[in-house]
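Just below is one structure, and these are the notes that go with it.
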Amino acid sequence: MQPTIVVEHFDSDVCQKREAAAREVWLAFGDLPPGRLLCFFDDQDHCVFKNENVGFGEANRAVSGPVWTPADLRDWPLDIIRHVFSSHSLDDNKPAFDFVIYVHNSTCEDPVGLTMTFAHELQHFVQWATMRSVWKANERFKDWAQNFETGLYSHNLPIEKDARIVAKRIAIRIHGREAVDRYIEKNIASPVNDLDGRNWRFIESIDVAKPYDVEVETEMLDSELKSRPLAYRQT
């Protein structure tokens, strides 16, 4: 199924290049699963998503997720809310899309970065659309990691590993291994923070030819976390 791609930028040439790059990524996926998908490429960085206290932190490059009610987009840019809930009516608040991908402007400034990030978020859409129980389990893992001392980082979660593998594989297919390796090395050399450095070192270690079963890995992590006592995270 074809997604809806929206690119915001004052320069029409930049809009065309980013839209073409986005289409190249989703075409590399082949047929996407059913679902009304909005892919929004901003002309700025949404400060709420970059905020450490209320968002995802300074290292955040994109955000994605399903939409059922306006509350699901509470902290999202107003332009996205207008696309998803276009009627602006309290009596008709049915979303025009089932899933939304948002990509910061700074992410799009490097072609490899745009490709890897968008492919990563597209894979999250695929996971949500085709493996709902796996998606829900990993959302639970995220909650546990935020509230308990689990020793887990984002890139340790099965759906996040899977998304990183797919993103690197598609980036290599589109840009070539040398360009992708240079991009990864640049981010390792100048990470936004410690967690960002861990993330890029993990991505560097990925062998895209090695199979990864996200469903099996999710079941294994679920069993492991349920089998051990979890201490509350100190705040």
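Each reported figure results from applying straightforward, stated rules to the coordinates on display, with no laboratory input. Bear in mind the structure is a predicted one, so any value in this text is a computation, not a measurement.
Below, the figures for the structure above:
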| read-out | value |
| --- | --- |
| Mean residue ellipticity (222 nm) of the chain, computed from DSSP H runs ≥ 4 via -39,500 (n - 2.57), nearest 500 | -17000 deg cm²/dmol |
| Net lengthening on full extension, A209/D31 (0.36 nm per residue, minus Cα-Cα) | 62.0 nm |
| Amide proton proximity set for V7, modelled H, under 5 Å, gap of 5+ | F41 |
| DSSP bridge orientation in the range 4-227 - percent antiparallel, rounded to nearest 5 | 35 percent |
| Principal semi-axes in Å for the chain [√(5λ), Cα gyration tensor, largest first] | 27, 23, 18 |
| Out-of-range pairs (alpha-carbon distance over 27 Å; input K136/K168; K161/K226; K94/K168) | K94/K168 |
